[in-house]
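We did not get these values from a lab; they are worked out from the coordinates using the rules stated. Computed from a prediction, not measured in an experiment: that's the story for all the values here. Cβ placement follows ideal geometry from the backbone for every residue including glycine, while neighbour counts extend to all protein chains displayed.
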Amino acid sequence: MKGLEKLILFVALCSSLTGNAQLEFPEDKVHWKFTVEQDGEDATVVGTITMEEHWHVYAAHLPEGSYLIPSTIKLESSNKFKLVGKITEPKPIFEHDELTGDDLYYHSNTVKLKQKIKVLSDKDFTIKGTFTFQTCDDTHCLPPHDAEFTVKVKGVEEEGDDEEESALEFVEENGDEAKDKEGNIYVKVDNEWYKVPEGNSVAFYKKYLTLGGQHEE
């Protein structure tokens, strides 16, 4: 009797292990990496999506009325950047499902999904995002999955301000007053330097600008 009980326990244990081995998760079939391609204020968040053999994800743009779950990239809103257009993708694979009568648009192997942005910040910052997808093979689909990610973006300084500051070389500087090597006097108002016209005192011209007067070279 004890031998029979051991046999039953062994069979039950094997069945349990086999059942666990059949568990499938979306993150085991699809792998992702997000980076940023940047040229000044123009940047692109790039998702490199790689699928295991025989598995695919659906396209980002599907026909109206499609029951499929599209692949999406959603970036957390911020005043440091703004979206430019919609997500872009390579031409998806097309297949007509004879069984359901539906048109399927999907990607397999490796694909890059891109979202353009315009950088509004002059300081470096991080973007948080979510990549949502559903993966299927020829026989079944796994539940939709949300994958969170972060990418770092370089801030962009205003070129005009940098050029103006670099063009001014002072030999004397005292608070809001300065003198260049040619002897011209400058006054600082609202963090900007202005050349004081001949015949004007520094105090007078500073007050003039503070009250809204227009500076003329």
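See the values below:
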{"read-out": "Listed residue (Tyr194, Ser71, Val171) projecting farthest to the positive dipole end of the chain, Cβ model", "value": "Ser71"}
{"read-out": "Counted charge near Asp103, where neighbours are those whose Cβ lies closer than 10 Å (Asp, Glu -1; Lys, Arg +1)", "value": "-3"}
{"read-out": "DSSP H segments from the chain that extend 20 Å or more along their own axis, Cα-based, with Kyte-Doolittle mean of 0.5 or above", "value": "2-21"}
{"read-out": "Estimated [θ] at 222 nm from DSSP helical runs (n ≥ 4, -39500 (n - 2.57)) normalised by residues in the chain, nearest 500", "value": "-6000 deg cm²/dmol"}
{"read-out": "Structure-derived P(r) over Cα pairs in 10 Å bins from 0, in percent - corresponding label in (i) 8, 31, 31, 18, 10, 2; (ii) 8, 34, 35, 13, 5, 3, 1, 0, 0; (iii) 7, 21, 17, 14, 12, 10, 9, 5, 2, 2, 1, 0", "value": "(iii)"}
{"read-out": "Integer Hz, Karplus 6.51/-1.76/1.60 couplings in order for the range 129-145, x for Gly and Pro", "value": "x, 10, 9, 10, 7, 10, 10, 9, 10, 6, 10, 7, 10, 9, x, x, 9"}
{"read-out": "Potential lengthening between Thr35 and Asp180 on full extension [0.36 nm per residue; Cα-Cα distance subtracted]", "value": "47.6 nm"}
{"read-out": "Integer Hz, Karplus 6.51/-1.76/1.60 couplings in order for the range 39-47, x for Gly and Pro", "value": "9, x, 7, 8, 9, 9, 7, 10, x"}
{"read-out": "Average silhouette area of the range 27-153, convex hull of alpha-carbon atoms, in square nanometres", "value": "8.0"}
{"read-out": "Additional length obtainable on full extension of the chain from Glu52 to Lys82, 0.36 nm per residue less Cα span", "value": "7.5 nm"}
{"read-out": "Computed over the range 161-210, Kirkwood Rh from alpha-carbon pairs, angstrom", "value": "11.1"}
